[in-house]
Amino acid sequence: MPRDRRVRLAGLGVIAAGIGLAAGPAALLPAAASAQPAGRPAARPIAPASAPGACRPQPPYTRCRRYSYTGGDQQFIVPAGVATIGVLEWGAGGGGASAQLTTDQYTAGSGGFTAGHVAVTAGQRLTVTVGQGGYASNVMPGHFAFGGGGIGGKGRYGGGSGGGMSALWNGDDDQSPLLISGGGGGASPGSSAGSTLRIGGGGGGGTVGGSDGTSYSGAPGTQASGGAGGGPPLFCLGSGGTSPNPGGPYLGGNGGGSTVIVPVLGGTLVGGGGGGGGYFGGGGGRCQVLIIGRPNGAGGGGSGYAGGAGVSDAVTVAGLTATSVAPGQGTPPASAAIRNPFYLPGLSWGGGDASSGNGFGDGGNGQVVIQWRAAVPPPVTPTPAPTPTRHPRPRPSASPISPSPAPTSSRPGPGLPVTGFPFAGTGIAGMALILLGALAVAVGRPPRELRPRKDL
């Protein structure tokens, strides 16, 4: 092979090597990009927990839970970071009368109202009792109201049962009271027959429950004992009747009654009202034979309580003793209970005459509201990201032609690009090889006059 041809082929090989060397870094760029670690996905935002219960907390509290009557005890577990809770309680009203036997029949007593603060610890378990409104006479004979309301006495027309207390207890049982709101005493049909006295159910709550003050009705519960039963029920006892019971711890006394429908002396047997539940329950009212002309009795109100461990700034207010003899009317709670923003219509009302079907026969149920201030987590100081350890980037092997130095700049900026012009690193070496190859091709080309002519 002629020498000039060998020189040209060598030059072309050098040019190809230079092109490959210059393009090499650009070919590696996609692979390097795919090898980079993927960024951490953004954390999904956690929705704030909705406020428990269907109530709006009052400042300074930020959380609130409303407990309504369910027929059983309920629980509250103190959230983390909470040291104090605010508690509001409405006791239940006593049951009204179901028959309008006279024109001056009085109503049942309304439930009390108790409020205060309780010192607690995170995770502490509390038991909540919400009192049931007393049954109107003859509606559920022989049944007490949940929360300790005493049973109305039996008879042709029975007495209304006492209203149940509302309470907060420490622990999982009902042995360590913190706050209690007493229930109202039950009414009795024809309670004022043959008398000008106002005889009706006593209001619940307060340090001493309410009573109409007569000897026929049950006495109120106090801070030390239950109310005595009304008496003496001589005529009911002579007709197979029973005496009214006194109230006791947390329980109202049962009203006096009789299992005989038609007494020996004739007339109509009417049972006495049951006492309201409370810290100490009210006593039951006596039974009576209406023909004798002596009034039967209503139940006394159960007392409230605000002396539990850790309780502060507490108050207990008594409901109202029977205030009306008009058909279809009940007894409203104390004004402090109604003005509270958590009050709902009908709560704690003492039952009235139910014979007209207007819904005022049974007493109003109670309610308990617990408020607390949600714990504010301490500010979180972000941890600075660790500074990655930098390792020197591997450099290509030495080349016979040194790469051009990077231009200097007084302002920091990004490094030179991998490809493009001016080239860096291997790009310079490849360009040099291309120039050398072109020179070799030019040197190995014979002069024009020595080239073979195509026309020969």
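So what's the projected area for segment 52-375, the Cα convex hull averaged over all directions, in nm²? Kindly include the intermediate steps, with their values, before the conclusion.
Working: hull surface 55.8 nm².
So the Cα hull casts an average projection of 14.0 nm².
Please compute the net charge surrounding THR127, taking Lys and Arg as +1 and Asp and Glu as -1 over other residues with Cβ under 10 Å from its Cβ. Write out the running numbers ahead of the final one.
Values: positive: ARG125; negative: ASP73, ASP172, ASP173, ASP174.
Charge balance in the 10 Å sphere: -3.
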Open item on the list: Could you work out how much longer the chain between THR196 and SER312 gets when fully extended? Use 0.36 nm per residue separation minus the Cα distance between them, nm to one decimal.
Closed with: 37.4 nm
Task: Listed peptides 56-67, 199-210, 217-228, 167-178 by packing density, highest first (mean Cβ within 10 Å) - done: 199-210, 217-228, 167-178, 56-67
Open item on the list: What is the sum of charges, Lys and Arg at +1 and Asp and Glu at -1, for the other residues whose Cβ falls under 12 Å from the Cβ of ALA54?
Closed with: +3
Task: Extension gain (nm, one decimal) between ALA374 and HIS117, 0.36 nm per residue minus Cα-Cα - done: 91.0 nm
Task: For ALA314, distant residues with modelled amide H under 5 Å away - done: HIS117
Task: Residues with amide H under 5 Å from that of THR268, placed H, sequence gap 5 or more - done: LEU290, ILE291
TODO: List every residue whose amide H lies under 5 Å from the amide H of GLY248, counting only residues 5 or more places away in sequence or on a different chain, with H placed 1.01 Å from N in the peptide plane.
DONE: GLY253, GLY281
Task: Derived scalar couplings ³J(HN,Hα) [segment 148-164; Karplus, 6.51 cos²θ - 1.76 cosθ + 1.60; whole Hz; x for Gly, Pro] - done: x, x, x, 6, x, x, 7, x, 4, 10, x, x, x, 7, x, x, x
Task: Karplus (6.51, -1.76, 1.60) ³J(HN,Hα), θ = phi - 60°, over segment 176-183, in Hz, Gly and Pro reported as x - done: 10, x, 10, 9, 9, 10, x, x
Task: Under Karplus coefficients 6.51, -1.76 and 1.60, residue-wise ³J(HN,Hα) of segment 123-132 in Hz, glycine/proline x - done: x, 5, 9, 10, 9, 10, 10, 10, x, 9
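Local charge sum around GLY255 (other residues, Cβ-Cβ under 11 Å, Lys/Arg +1, Asp/Glu -1)? Spell out each step's value before the answer.
Values: positive: LYS154, ARG286; negative: none.
Result for the local shell: +2.
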Open item on the list: Using 0.36 nm times the number of residues separating LEU344 and ALA224, minus their current alpha carbon distance, what extension gain do you get?
Closed with: 40.0 nm
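A short reminder: the numbers here are calculations on the coordinates, not readings from a lab. Everything quoted here is computed from the prediction, not taken from an experiment. Ideal geometry is used to build each Cβ from the backbone, glycine not excepted, and the neighbour counts take in all protein chains shown.
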